[in-house]
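Participant: One structure follows; several queries about it will come next.
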Amino acid sequence: MATYLYDKLKEIKNIYPFHMPGHKRNRKFMDINALELDCTEIKGLDNLHDPKGVILKAQEEMAKYTRADKSFFLVNGGSSGMLSAVYACVNEGDTVIVASNCHASVYNALVLSRADAVYVVPEISEEGIICGIDPKSIEEALLKYKAKAVVITSVTYEGLVSDVKAIADITHNHGAILIADECHGAHFGYSKYFPKFAIECGADISVNSWHKSLPAFNQAAVLNIKGKRVDENRLKKAISFFNTTSPSYPIMASMDKSRQYLLDNGEYFNIYIRNLNILREELRENKYISLLDIKNKYSVHDRDIGKITLVIKGDTTGYDVADVLREKGIEAEFASVNEIILMTSVADDFSYYKILSDIIKNIDRGLKEKENNFKYLKYKIFYKPFLTPYKAFYSEKEYVCKNNAIGRICGENITAYPPDIPIVSLGEKIEDYHIENIETLKNYGADIMGIYDDKLCVVK
Ligand SMILES: Cc1ncc(COP(=O)(O)O)c(C=O)c1O
């Protein structure tokens, strides 16, 4: 009898991972035997959904690390944290201000919570990279709409951090709760060379996916709270909605162990940062595959030096660069037309940093200037969909040619990477400029989701 997934996993294990999970298959940092630790809620092992013993103690230690009042383990990833956070804070009919580069889980939470959404679009760099959220645009939205909560992604997939303190102050002045998707920033507490945690800057809730940037099993994540604005009891119930009643003990233990091991051995982060700085300096010499290092521009307040985001300015694409890396034994986290993202972690084998920079430098030397073909898309700074995501999701739908879709209500988020924010969002009235954006992105070679043979899903 054949095995497929298993065979593939065995096959790829010789390719070096510049991608998640952050344990990088390195036993030194993940000396955990999953079989030995896989168990259930027997006496002494506590209950994730009502912790009073070892899980509670591990969460309390975690909260010290995350600088939060309380931290809650999640075993269904940061996605379950974002779903829980939104679900806990808003009721049907409440308005939520949402940064439009939010993860799919936030868009899903809007459907489930039946809230009204107002989207705020982040700043986009001249190369088409999504950057920070301008606190002023949050303020404008809050002045126009009385909102119960604001949801931002800080840090972004590319490693960019917004001015969370300014956004938190504005949000709180308007009586709303700030939820920060910090899934890519679980490692920030280990060194002053990383940005501050969103919780330290005033966010009421933050979510960290431990598996993304730290040695922990996939799906390991933590939700953190600080202050008194969030109804903790309701939040705990929401976390229970979105996490299994058979939580994986190896996942939870991997966070517990990783936290202790890295705090007790602080030198590992010093070594990691030294190697990161060397890698970043090497990559900075490139002309056409350039290191993204934005700060104090495009509303970017800080950036994560652990995230190696390369912007393609020469006559190639991120896909081609990723293919060359793969041929040479390295797998990137993500590639698009104009971008390639490499995820590093403290558990890396640093000899691969030199291999990586040599390959990229070599490709760079063979490239020529290409005209920056990122044509700016048209966006409103903030907008409210015609129907709530909930109403739009549960309405009857049909599929129409995109040119006949103008004036209809969009029945599904239409997204593309780049820039990975919906071109049209669920419940929004489709306008001429949306169709223009779709055309621009198609010509640009972006992957568009939500278009079926040139047809769009609309509400009947
Ligand atoms: C910005 C952001 N938020 C949330 C998530 C979801 O986290 P998880 O994969 O841990 O469920 C992701 C996943 O890639 C993400 O990129």
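Participant: Scan 191, 162, 206 and give me the residue that is within 27 Å of residue 334 (Cα to Cα) and either more than 13 Å from the ligand (Cβ to nearest atom) or charged (D, E, K, R) (or both).
Facilitator: Result: 191 is the single residue among 191, 162, 206 that is within 27 Å of residue 334 (Cα to Cα) and either more than 13 Å from the ligand (Cβ to nearest atom) or charged (D, E, K, R) (or both).
Participant: Something else about it: Cβ contacts < 7 Å: first residue assigned by TED's automatic domain parsing to the domain that holds residue 114, restricted to segment 140-156; second residue away from the ligand (no atom under 16 Å from the Cβ) and of a type in the set (Gly, Ala, Ser), any location; separation 6+ or different chain. Result?
Facilitator: 142/176; 147/176; 148/176; 149/176; 150/176
Participant: Could you give me the residue pairs with C-beta distances under 7 Å whose first residue belongs to segment 65-80 and is assigned by TED's automatic domain parsing to the domain that holds residue 255, whose second residue is polar (S, T, N, Q) and assigned to a helix (DSSP H, G or I) wherever it lies, and which are 6+ apart or on separate chains?
Facilitator: Pairs that qualify, where the first residue is assigned by TED's automatic domain parsing to the domain that holds residue 255 and the partner is polar (S, T, N, Q) and assigned to a helix (DSSP H, G or I), are 71/59; 72/59; 73/59; 74/80; 79/105.
Participant: May I ask you to list pairs of residues, at least six apart or on different chains, whose Cβ atoms are under 8 Å apart, with the first in segment 405-434 being modelled with pLDDT of 95 or more and in a strand (DSSP E or B) and the second being surrounded by fewer than 24 Cβ atoms within 10 Å (Cβ to Cβ) and of a type in the set (Lys, Arg)?
Facilitator: 409/429; 410/429; 429/408
Participant: Got a sec? Which of 38, 69 is more than 16 Å from the ligand (Cβ to nearest atom), surrounded by fewer than 22 Cβ atoms within 10 Å (Cβ to Cβ) and within 18 Å of residue 233 (Cα to Cα)?
Facilitator: Exactly one of 38, 69 is more than 16 Å from the ligand (Cβ to nearest atom), surrounded by fewer than 22 Cβ atoms within 10 Å (Cβ to Cβ) and within 18 Å of residue 233 (Cα to Cα), namely 69.
Participant: Oh, and also: Given 358, 348, which one is assigned by TED's automatic domain parsing to the domain that holds residue 299, on the phi < 0 side of the Ramachandran plot, crowded, with 20+ Cβ neighbours inside 10 Å and of a type in the set (D, E, K, R)?
Facilitator: Checking each option against the conditions leaves just 348.
Participant: Then there's this: Do you know which residues across segment 171-188 are within 14 Å of the ligand (Cβ to nearest atom) and either outside any helix (DSSP H, G or I) or of a type in the set (Asp, Glu) (or both)?
Facilitator: Scanning segment 171-188 gives 179, 180, 181, 182.
Participant: Next question, about the same structure. Please give the helices (runs of 4 or more DSSP H) falling wholly within segment 199-276 in which 1 or more residues are without any contact (Cβ under 8 Å) to a residue 40 or more places away in the chain. Let's see the steps before the verdict.
Facilitator: Details: elements: 210-213, 232-241, 249-264.
Ranges flagged: 232-241, 249-264.
Participant: Only one residue in 254, 246, 240 is of a type in the set (S, T, N, Q) and crowded, with 21+ Cβ neighbours inside 10 Å, so which one is that?
Facilitator: Matching residue, one of 254, 246, 240: 254.
Participant: Let me ask another. Do any strands (runs of 3 or more DSSP E) entirely within segment 11-101 hold 2 or more residues that are modelled with pLDDT under 95 and touching a strand residue (DSSP E or B) at 6+ places or on another chain (Cβ under 6 Å), and if so, which?
Facilitator: Result: empty, no element qualifies.
The values are calculated or read from the model by the stated rules, or taken from the named source; none is laboratory data. Keep in mind that what you see is a predicted model, and the values were worked out from it rather than measured. Backbone-built Cβ (ideal geometry, glycine too); neighbour counts: all protein chains shown.
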